[in-house]
Every structure is written in C-alpha cells, then in structure tokens.
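Presented below is the structure to which this report refers.
The values are calculated or read from the model by the stated rules, or taken from the named source; none is laboratory data. This structure is a prediction, so every number in the text was calculated from the model and none was measured. Every residue, glycine among them, receives a Cβ derived from its backbone with ideal geometry; neighbour counts consider all protein chains shown. Calculation scope for accessible area: heavy atoms of the full protein, side chains included, ligands and nucleic acids excluded. Shrake-Rupley method; radii C 1.70, N 1.55, O 1.52, S 1.80 Å.
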Amino acid sequence: MVSLALKDVGATYGRRVVLSDINTGVLKGGQLTAVIGPNAAGKSTVFKRIAGLAAGPGLVHLSDTAKGSEAICYMPQDTGANAVLTVYESVLLSAKQGSGWKVKDGELQEIDRVLAALKINELAFRGLGELSGGQRQLVSIAQALVRKPEVLLMDEPTSALDLFRQIEVLGFMKRLATQSGMAVLIALHDLNHALRYCEDTIVISDGSVVASGPTHAVVTADMLKSVYRVEARVEACSRGRPVIIVDDSIALG
Amino acid sequence: MTAIAEEIAGIEGRGRYRALVVRRLVMLSGLLAALFVSVAVDMALGPANYPLSDVLTALFWAETVGDQLRVVIWDIRMPIALMAVTVGASLSLAGAQMQTILANPLASPFTLGISAAAGFGAALGLVAGVAVFPVAVQYMVPINAFLMAMVAALFIHFASTMRGVTVETIVLLGIALVFTFNAALSLLEYLASEQALAAVVFWTMGSLTKATWPKVWVTAAVLLVAVPVFARRAWALTALRLGEDKAASFGIDVRRLRLETMLTVSLLAAIPVSFVGTIGFVGLVGPHIARMLVGEDQRFFLPASVLCGSLLLSVTSVVSKTLIPGAVLPIGIITALVGVPFFFVLIFTNRKRAW
Ligand SMILES: Nc1ncnc2c1ncn2[C@@H]1O[C@H](COP(=O)(O)OP(=O)(O)OP(=O)(O)O)[C@@H](O)[C@H]1O
Ligand SMILES: [Mg+2]
C-alpha cells in the first residue's frame, strides 16, 4: 500500500516563506487523513507542495507506488471554471491527459461509473458554466477520481456541499480508500467530519505542524483553544461518537 | 433497483457522448463542405465574367482551355481564393489559442496589438523607407510587419510570464499596445506623402488582391507547422480552460505550454498580417463561432477554429467582389460587415453560455 511522508518540507511564494519544517510521520494509504488549521495556515500550500506545484525545501517521500510522480493528484480548492465544456467532457479530459486523441469505450465506462458513484450522472451533459457551486465541487471530485491516483489531496472538497452530500462524499471516499488502498488527505474546516471520517489528523497553524496523530488524540479542547481560539468541548454523543460542541470564541488578548 | 438505474444511466452517458461526438463531426464536415463551395464561388467571380462551366474546365482540365482563362483562374483568382483560406485559418487559430492560454474572450491578434504592431511596421517601410531588418529591401514591407508583430507578441508573452501579472493585466497591456502602435501609425500617416499615405491606408484596410502563390505556400506552411503543435497538446490546452491550478494538478507544465503556444501564435498571426495587411475581425470572432458550434474540446475546437476562420474570410472575399459590381473592395472592411451579423445571430440564438 502506498504511503507518504514529509521531511523538513517548506514552501515559498517568491521570497515569502509560507511553510517551514513540516514533518509528518508516515501517512498511510487505505484511510483518510485530515489536514486542519485556520484560514491561511498553509493547508492548500502543503498540498501544492506535495503535488509539486509549489517550490520549497525538504523532501516528499513516496513509497510503494506503482505510478511514480503520476501517483499524486491534487484537487484544488477553487472549482470555478467557465470553459464551454459539458461535465462529461471535463471529466474525460481529466482522464485523458497525456494520452492520444482516441477515446476507448472502457474509458467512457469509467467516467460513467465515477459520475454514478457521485450521483451526478444526470448532470453529465450540462455545461460547466451552468452548475451550482456544490455541483461544481462534485464535478471537481469526479475529475480527480478518474485519474485513479494513489495519493489524493482534496482541498476542502465538501465546503460547498449540502449536509447530505457532505456525508455521502466523505463516506464514499472512506470506502474507496479502504478498498483501493489510496492515501487520501483532506483539508477540512468541519472538525466533526474529521472526527468521524479521518483516522489521522494533521494540524497546521501559521505554516507549521502543531499537532499530528490519531484524530481523537489531536482534536481536543486544548487544541481548539490554542489553534482555533474557540472555547469548545469534545464530548461523546448519545451514540458514543465524539462531537465538538462550540461554546464561544475567545476574544483577542 | 438503484443498481439497475445506475447501470442504465451509465450506458446513457456513454451513448450520449458518442452521439455528441458524431454531431460535432457532422458539424465539421458541414463547415468543410461550405468552405469548398465558397472557394469555388470565389474563383468563379471576378472582373472578367466567365461562365461557371469554363471555370470548372480550367480547374480540372487546365490544358484544354485558353491561355488567358488559365492565367486568370490559376495565377490570379486561385492564389486569392486560397490566401483567404490560409489567412482566415491562421488568424482564427491564433485567436483561438490566445483566448485559450490567456483565458480571455477578448484576446486576438487584433485586440492585443499584434496586428497594430504589424501595421506600424509596414507603414514604417512604406512611408519612411525604413527597413527594420535591412536585407531583401524589396520585401521590406512584409518583413517589417512581421518583425514588429513578433516584437509585440513576445512582449505580451514575456509580460505574461512576469510574477504578479494576471490575465487582466495582459489584456490591458495588449490594449495599450494597440493604442501605441496606432498612434505611431497616425503620426507616420500625418507625415507621409500623398502617395505613401494611399499605400498605407490600403495596407491597413487589408487586401487579398496582392496574393501570389509563394505567399499562399508560406502561410500554408506556417499552418502546417502550427496545427500539429497544437494538436499534440490538445488535452492540455483544453485543460487550461479549467483554470491554471486545475491544469497544473493534471501534471501540465503550464508556463511551458503557454510559452510554446504564444510563440506559435505569434508566427501564425504575424505572417498573414505581413502579407495581406490588417484583417481584424476573423481572429476574434472565428474562434467564438467555433466555440459555439463545437465547444472547447480542442480535438474539435482546433479544426473548427481553422474552418470557421477560412470560411469567414472566404465568404468575405466573395462578398467583397459582389458588393459593388466591377470593384474588389478591401477585405478588411468587409470582414466585420459579413462576420458581425452572423456572430450576432449566433449569440442571440445560442441559449447556452458562449464563454
Ligand atoms: N500564490 C500565492 N502567492 C503569495 N502568497 C500566497 C499565495 N497563495 C497563498 N499565499 C499565502 O500563503 C499562506 C497560506 O495560504 P494557504 O492557501 O495555504 O492557506 P489555507 O490554509 O489553505 O487557508 P484556507 O483555509 O483559507 O484555504 C497565506 O498567508 C496566503 O496569503
Ligand atoms: Mg486553502
């Protein structure tokens, strides 16, 4: 199974240092790993750095992969696009990068499967420009999935989705990771989702990792206080799952 | 139950996609057929009136017709008709790829100053007798035009690679180039002798009447170089329209793709302008028509842009001969007159978003 580890990774935009000394343990395939942290902490930048789309020092170790650098797929946070393409074409396009003009039937079958799995096959022949924000996000997920990555970096994939779609997508991703052994890193703002779906969590604040490990150990009242500046409790719900109950924000000192 | 529904929906997706592809191929064939007709009509028309049968005979059995007819058809009308095709194709393709890499519907050789630069270069030769590249002085005008167009294209390109320069900035820079070169051109016109002024004005209007076989071959050769360059990058170019981040996430080297495209585009845009003068509208509108007809999958968009551009200019060439009997109007004037109504009809009847 594929695995990933970051060693002393940093990232810079021009001369501006955005990330420094990011070290993670081995990020395992076959599960979801949450990447959390406040706005502008550097979550998207970590993903771009891993995907080779941002410059910086350090090493991204990828092991047991069959596809080499092709193994990693980054799904950007921004999903807006005004191309005159249908949803189906945009997903096909993602699958066909680097190959010839001819489209095989098997490739189309794969697209149908992915669209069906995300329950967006009724959108297949709508124009990209006519989609709602959430629909766009689902299409973006489809574009990532047809690339059959071994490491999938999803940057806030559920931020525009309704509650039903959020749990559908995260549940689906979890099943997919378990079945395929894919390593899925998900940047999230909804920490209850992290608690529920992600085995491990990495907390980034101000360009560095401030905590990482099993989600239950990482998402605690103390962390919420120091990183997110909110007064909150992590308690077991009536069914025994841990949930975050937010009480108040902490005024800037 | 849901499994069955999904299976049916899946087959439907695949089938509908195949049908879409067939529709687009039909569309492309239609454009090609229309182009053949237009080129044939273009060759049949001219100051000297020959019956269509004579024209066809001259085309297919050139040895059997008189010298005069043969010369008119083969050495005068055919270069003009084919020049309309190659120039229209080049400008439209250049515009299409500029719009693609700059993610801007306003991009075209004309709107971003490449044509204006070429116009200024030509005027420099016509009015001041200045050869930018002082070799082959008899070709001073096209060479000047070409070099200035190249300068403008490279300026746009290198500006676009600078950090912090956005797509909007590029368009602003392009528009600034248009104004600059047009002002410089006006200055030259102001200073020009009456004879040189007439030549400049004629050139800036754009005209196919000076078409010759060598010019046709050169423009065709440029197309033959450019089309495969783009064709090989079809998926990557299409992906660019999903946004830079998305394209990069697909493993595309976006900077390099932009550079290669811009260099090819500058060649495509400069050569025709240097031969036939400023023909503005095709480069902007050709790609938009193509996009409305077949969408932006470059496997269809690329040939459609080529065909729309050639068809637009070929029809324009026909119109330029028929509008005032006995006179051939400069094609640059007519392009907009022909293109705009067609363009409007498409925009207002196309309920899908065009950009
Ligand atoms: N292209 C860029 N050029 C310069 N600075 C950038 C660029 N992109 C991001 N930054 C800066 O890098 C820092 C980290 O940004 P990043 O996008 O990684 O944050 P994030 O954790 O993903 O935030 P969010 O939750 O808002 O998505 C921010 O301070 C941001 O301003
Ligand atoms: Mg982000």
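When A:T220, A:T215 are screened for being closer than 21 Å to A:A41 by Cα, touching a Cys at 6+ places or on another chain (Cβ under 7 Å), surrounded by 11 or more Cβ atoms within 10 Å (Cβ to Cβ) and among the β-branched types (V, I, T), only A:T215 passes. Residue count for region B:320-355 under the criterion of being open to solvent by less than 40 Å² (accessible area, probe 1.4 Å), at pLDDT 80 or above and under 27 Å from B:V294 (Cβ atoms): the result is 3.
Considering only residues in region A:182-194 that are away from ligand 1 (no atom under 14 Å from the Cβ) and open to solvent by 10 Å² or more (accessible area, probe 1.4 Å), the one that is farthest from A:A5 (Cα to Cα) turns out to be A:N192. All conditions but one from (1) within 16 Å of ligand 1 (Cβ to nearest atom); (2) open to solvent by 20 Å² or more (accessible area, probe 1.4 Å) apply to A:P76; the one that does not is (2). The condition (being more than 14 Å from every other protein chain (Cβ to nearest Cβ), of a type in the set (S, T, N, Q) and buried (at least 18 other Cβ atoms within 10 Å of the Cβ)) is satisfied by just one residue among B:T219, B:T209: B:T219.
Quick one: in region A:121-173, of everything that is within 16 Å of ligand 1 (Cβ to nearest atom), part of a helix (DSSP H, G or I) and open to solvent by less than 30 Å² (accessible area, probe 1.4 Å), which residue is farthest from the other protein chains (Cβ to nearest Cβ)? Among residues in region A:121-173 that are within 16 Å of ligand 1 (Cβ to nearest atom), part of a helix (DSSP H, G or I) and open to solvent by less than 30 Å² (accessible area, probe 1.4 Å), the one farthest from the other protein chains (Cβ to nearest Cβ) is A:Q137.
Looking only at region B:225-243, count how many residues are in a helix (DSSP H, G or I) and either crowded, with 21+ Cβ neighbours inside 10 Å or more than 9 Å from chain A (Cβ to nearest Cβ) (or both).
13
When B:L307 is tested against the conditions (1) open to solvent by 10 Å² or more (accessible area, probe 1.4 Å); (2) at positive phi, the lone failure is (2). Only residues that are in a helix (DSSP H, G or I) and either under 30 Å from A:A81 (Cβ atoms) or at pLDDT below 85 (or both) were counted in region B:124-143, giving 11.
One line per residue, one yes/no per condition, for (1) open to solvent by 20 Å² or more (accessible area, probe 1.4 Å); (2) under 23 Å from A:L176 (Cβ atoms); (3) assigned by TED's automatic domain parsing to the domain that holds A:G213:
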position: A:A11; (1), (2), (3): no, no, yes
position: A:G14; (1), (2), (3): yes, no, yes
position: A:S20; (1), (2), (3): yes, no, yes
position: A:I36; (1), (2), (3): no, yes, yes
position: A:I50; (1), (2), (3): no, yes, yes
position: A:G58; (1), (2), (3): yes, no, yes
position: A:T65; (1), (2), (3): yes, yes, yes
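Look at region A:12-30: where a residue is away from ligand 2 (no atom under 16 Å from the Cβ) and a partner is open to solvent by 100 Å² or more (accessible area, probe 1.4 Å) and of a type outside the set (D, E, K, R), sitting 6+ places away or on another chain with Cβ atoms under 6 Å, you get A:G29/A:M1; A:G30/A:M1.
Residues in region B:168-222 that are outside any helix (DSSP H, G or I) and among the β-branched types (V, I, T): 2 in all. Annotation: B:H157 fulfils all but one of (1) touching a helix residue (DSSP H, G or I) at 6+ places or on another chain (Cβ under 6 Å); (2) of a type outside the set (A, V, I, L, M, F, W, C); (3) on the phi > 0 side of the Ramachandran plot; the unmet one is (3).
Looking across region B:60-112, just one residue is closer than 19 Å to B:S207 by Cα and of a type in the set (K, R), and that is B:R77.
The number of residues in region B:244-253 being part of a helix (DSSP H, G or I) and in contact with a Leu (Cβ under 9 Å, 6 or more places away or on another chain) comes to 5. Residue-level analysis places A:A83 outside the set of residues that are in a helix (DSSP H, G or I) and either assigned by TED's automatic domain parsing to the domain that holds A:A160 or open to solvent by 50 Å² or more (accessible area, probe 1.4 Å) (or both).
Listed here are the residues, each with its yes/no results for (1) open to solvent by 40 Å² or more (accessible area, probe 1.4 Å); (2) touching a Phe, Trp or Tyr at 6+ places or on another chain (Cβ under 7 Å); (3) closer than 30 Å to B:T166 by Cβ.
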{"position": "B:Y17", "(1), (2), (3)": "no, yes, no"}
{"position": "B:L25", "(1), (2), (3)": "yes, no, no"}
{"position": "B:D42", "(1), (2), (3)": "no, no, no"}
{"position": "B:E63", "(1), (2), (3)": "yes, no, no"}
{"position": "B:R77", "(1), (2), (3)": "no, no, no"}
{"position": "B:G88", "(1), (2), (3)": "no, no, no"}
{"position": "B:A94", "(1), (2), (3)": "no, no, yes"}
{"position": "B:T100", "(1), (2), (3)": "no, no, yes"}
{"position": "B:S115", "(1), (2), (3)": "no, no, yes"}
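Residues in region A:94-120 that are touching a residue at least 40 places away in the same chain (Cβ under 8 Å), part of a helix (DSSP H, G or I) and either at the interface with chain B (Cβ under 7 Å from one of its Cβ atoms) or surrounded by fewer than 17 Cβ atoms within 10 Å (Cβ to Cβ) (or both): A:S94 alone. When you look at A:G80, is it without any contact (Cβ under 8 Å) to a residue 60 or more places away in the chain, within 14 Å of chain B (Cβ to nearest Cβ) and within 16 Å of ligand 2 (Cβ to nearest atom), yes or no? Against the criterion (without any contact (Cβ under 8 Å) to a residue 60 or more places away in the chain, within 14 Å of chain B (Cβ to nearest Cβ) and within 16 Å of ligand 2 (Cβ to nearest atom)), A:G80 qualifies.
Tell me, which helices (runs of 4 or more DSSP H) lie completely within region B:254-355 with 1 or more residues that are out of contact with any helix residue (DSSP H, G or I) (no Cβ under 8 Å at 6 or more places or on another chain)?
Of the helices (runs of 4 or more DSSP H) lying wholly inside region B:254-355, those with at least 1 residues that are out of contact with any helix residue (DSSP H, G or I) (no Cβ under 8 Å at 6 or more places or on another chain) span B:254-276, B:298-322, B:331-349.
Do we find that A:A71 is of a type outside the set (F, W, Y), touching an Asp or Glu at 6+ places or on another chain (Cβ under 7 Å) and more than 16 Å from ligand 1 (Cβ to nearest atom) in this structure?
Numbers: of a type outside the set (F, W, Y): yes; touching an Asp or Glu at 6+ places or on another chain (Cβ under 7 Å): yes; more than 16 Å from ligand 1 (Cβ to nearest atom): yes.
Yes; evaluated as a whole, the condition is true for this residue.
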